[in-house]
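Colleague: Below: one structure in structure tokens.
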Amino acid sequence: MAQATLIVTCSGGTYFDRDHYVDVHLPLALACWQRHGLESASAYFPRDLNATDVSVGIYRFRDVDALHAALASAEAAAVMADVSCFTDAFVSRALSTPL
């Protein structure tokens, strides 16, 4: 199976703590989901501080089944609960697979 990528975009909101996202949230996701097939997690931020999108997270999984297993796992609750610690932005998720 081909690698799967979860793309998480945060848009709008009144605050976004980049340090928490990079230093706490991404390591938390890795700790919780590596056993389910998460291979890497990265954060990207717009250069324009007034941009609508305040961050893009790239979570690369071994395959689509691994991604779905991670999102359905008991550990997913801890990852999702941490979101409010770094933002109140609208969070959208998209799945990407190679063509």
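Colleague: One residue is enough: does the stretch 66-78 have a residue meeting the conditions open to solvent by less than 20 Å² (accessible area, probe 1.4 Å), hydroxyl-bearing (Ser, Thr, Tyr) and touching a residue at least 12 places away in the same chain (Cβ under 8 Å)?
Modeller: Within the stretch 66-78 (the criterion being open to solvent by less than 20 Å² (accessible area, probe 1.4 Å), hydroxyl-bearing (Ser, Thr, Tyr) and touching a residue at least 12 places away in the same chain (Cβ under 8 Å)), the answer is yes, since at least one residue qualifies.
Colleague: Out of 82, 48, 65, report the one residue that is part of a helix (DSSP H, G or I) and under 19 Å from residue 17 (Cα atoms).
Modeller: One residue alone meets the criteria, 82.
Colleague: Taking the options 83, 56, 79, 91, name whichever one is touching a Ser or Thr at 6+ places or on another chain (Cβ under 7 Å) and modelled with pLDDT of 95 or more. Walk me through how you get there before you give the answer.
Modeller: Details: 83 fails: touching a Ser or Thr at 6+ places or on another chain (Cβ under 7 Å); 79 fails: touching a Ser or Thr at 6+ places or on another chain (Cβ under 7 Å); 91 fails: touching a Ser or Thr at 6+ places or on another chain (Cβ under 7 Å).
Matching residue, one of 83, 56, 79, 91: 56.
Colleague: Among the candidates 84, 96, 11, 92, single out the residue that is without any contact (Cβ under 8 Å) to a residue 60 or more places away in the chain and either of a type outside the set (Asp, Glu) or open to solvent by 60 Å² or more (accessible area, probe 1.4 Å) (or both).
Modeller: Of 84, 96, 11, 92, the one residue that is without any contact (Cβ under 8 Å) to a residue 60 or more places away in the chain and either of a type outside the set (Asp, Glu) or open to solvent by 60 Å² or more (accessible area, probe 1.4 Å) (or both) is 84.
Colleague: With the requirement that a residue be surrounded by 15 or more Cβ atoms within 10 Å (Cβ to Cβ) and outside any helix (DSSP H, G or I), what does the stretch 14-38 give you?
Modeller: 16, 37, 38
Colleague: Within the stretch 73-94, can you find the residues that are charged (D, E, K, R) and closer than 15 Å to residue 59 by Cβ? Steps first, please.
Modeller: First pass over the stretch 73-94, keeping only residues charged (D, E, K, R): 75, 82, 88, 93.
Matches in the stretch 73-94: 75, 82, 93.
Colleague: Additional query: I need the full set of residues from the stretch 1-13 which are more than 14 Å from the chain's Cα centre (by Cα) and part of a strand (DSSP E or B), in order please.
Modeller: none
Colleague: Still on this model: Select from the stretch 1-29 the residues that are modelled with pLDDT of 95 or more and hydroxyl-bearing (Ser, Thr, Tyr) and list them in ascending order.
Modeller: Within the stretch 1-29, 5, 9, 11, 21 qualify.
Colleague: Looking at (1) more than 17 Å from residue 3 (Cβ to Cβ); (2) of a type in the set (A, V, I, L, M, F, W, C); (3) touching a Gly at 6+ places or on another chain (Cβ under 9 Å), find the lone condition where residue 74 falls short.
Modeller: Condition (3) is where residue 74 drops out.
Colleague: Hey, another quick one. For the stretch 55-64, state whether one or more residues are of a type outside the set (Val, Ile, Thr), out of contact with any helix residue (DSSP H, G or I) (no Cβ under 8 Å at 6 or more places or on another chain) and surrounded by fewer than 16 Cβ atoms within 10 Å (Cβ to Cβ).
Modeller: Scanning the stretch 55-64 turns up at least one residue that is of a type outside the set (Val, Ile, Thr), out of contact with any helix residue (DSSP H, G or I) (no Cβ under 8 Å at 6 or more places or on another chain) and surrounded by fewer than 16 Cβ atoms within 10 Å (Cβ to Cβ).
The values are calculated or read from the model by the stated rules, or taken from the named source; none is laboratory data. Since the structure is predicted, the reported quantities are computational estimates derived from the model, not experimental observations. As a convention, Cβ positions derive from the backbone with ideal geometry for all residues, glycine included, and neighbour counts pool all protein chains shown. Protein only, heavy atoms only, side chains kept; ligands, DNA and RNA dropped before computing areas. Shrake-Rupley method; radii C 1.70, N 1.55, O 1.52, S 1.80 Å.
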